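The values are calculated or read from the model by the stated rules, or taken from the named source; none is laboratory data. Please read all numbers here as calculations on a predicted model, not as lab measurements. Quick reminder, even Gly has a Cβ in these numbers, built from the backbone with ideal geometry, and neighbours come from all protein chains shown.
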Amino acid sequence: MEEFEEQAIANATCKPKIWKGYVDDTFTVSDRDHVNGFLQHLNSQQPTIRFTMEIKKDNTNPLST
C-alpha cells in the first residue's frame, strides 16, 4: 500500500501539503480547493482500492469525541 500511495502522490497534479499514513488510515492536509480532485485522483489509480474522507467541521476533527 505504501508504494501505491507514493506513486499516486507523485503523479498527482496538486499534491497534499502533509500525508501521513498508519495501517489503513491517513492524515492529510491539503488546500480546500483541491481536496475533491485529489480524492478522485487517488480513487482512479487502482479499481480495487477506494479512499474516503472526513473533513474537519465546526473546528472539530471528525474522529474526536
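Mind checking which residues of segment 22-55 are closer than 15 Å to E5 by Cβ, of a type in the set (D, E, K, R) and at pLDDT 90 or above?
R50
Tell me which residues, restricted to segment 18-53, are in a loop (DSSP other than H, G, I, E, B), loosely packed, with under 10 Cβ neighbours inside 10 Å and more than 10 Å from the chain's Cα centre (by Cα).
In the first step, residues of segment 18-53 are kept if they are in a loop (DSSP other than H, G, I, E, B); the result is 23-24, 30-31, 46-53.
Going one step further and asking which of them are loosely packed, with under 10 Cβ neighbours inside 10 Å, we end up with 23-24, 47-48, 50, 52.
Within segment 18-53, V23, D24, P47, T48, R50 meet the criteria.
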